[in-house]
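Here the structure is laid out as structure tokens; the discussion comes afterwards.
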Amino acid sequence: MDGKQPHPFSQILALHETRRRQKPFLSDLPRVHINEATRAVAELYERTRNTLEYHDADIVRRMAIERTLKRLLAFGMLGGDVTHAENLLKELIRGGYFPNDEVPEERTYDIARITRRFLIANAVGIPKEIGSLFLSLTAIAIEDAVVVEEREMEQRFIQFSFTVLRDRIPWNERERKDRPAAFAYQDARAGVKRCAGSDDVIN
């Protein structure tokens, strides 16, 4: 041992490989499928709508989830079971917000837990001043439950960036002692999941 620290990129690659081996082989899992013809029509409508109501690309999907939640809730078509969760996911796939034949069916269980808490909160009564915020948190939690790999890659990039930059930025002593701000994103995401219900508290 020469005492030399491994390169940060090597550490991230090792972490990626470890987590990959711990997961089930995704290609063997059944995927959520919808008819391509109906998907094409619905996606055209959504694209037209998003053109007329321009927003940054990174929030378009989240806003679509919010719209879908509000519509299904208003018509009494939103439920906290797997069947309703699958219908919600299929509607978003039709709109082109998630890819067809790629999302594992097992993720509908996580979506069902999230929507169940959303419905419970609405039944109890959400204060008007935080209703919009709670809807947004629910949409974020649903999005995270579907794009798991995408979120994990973001977290690894944050970890990699911090590892590379922490010794190259002239932090003052207080900043060096404080918990890295780079992980605030991960903390916020974790808080959203606890609040909106992706943790398995309500079965």
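What follows draws every value from the coordinates through simple rules; no lab data is involved. On a predicted model such as this, the values are computed, not experimentally measured, just so you know. All Cβ positions, glycine included, derive from the backbone under ideal geometry; neighbour counts span all protein chains shown.
Annotation: amide H of R31 within the under-5 Å range of E105, sequence separation 5 or more or interchain, hydrogens built in the peptide plane. Equivalent-ellipsoid semi-axes for segment 79-131 (Cα gyration tensor, √(5λ), whole Å, largest first): 25, 13, 8.
With θ taken as phi - 60° and the Karplus curve 6.51 cos²θ - 1.76 cosθ + 1.60 applied, the whole-hertz 3J(HN,Hα) list for segment 138-153 is 5, 4, 4, 5, 5, 4, 5, 5, 8, 9, 4, 5, 4, 5, 5, 5 Hz, x standing for glycine and proline. Net charge in the neighbourhood of G79 (other residues with Cβ under 11 Å of its Cβ; Lys, Arg +1, Asp, Glu -1) is -1.
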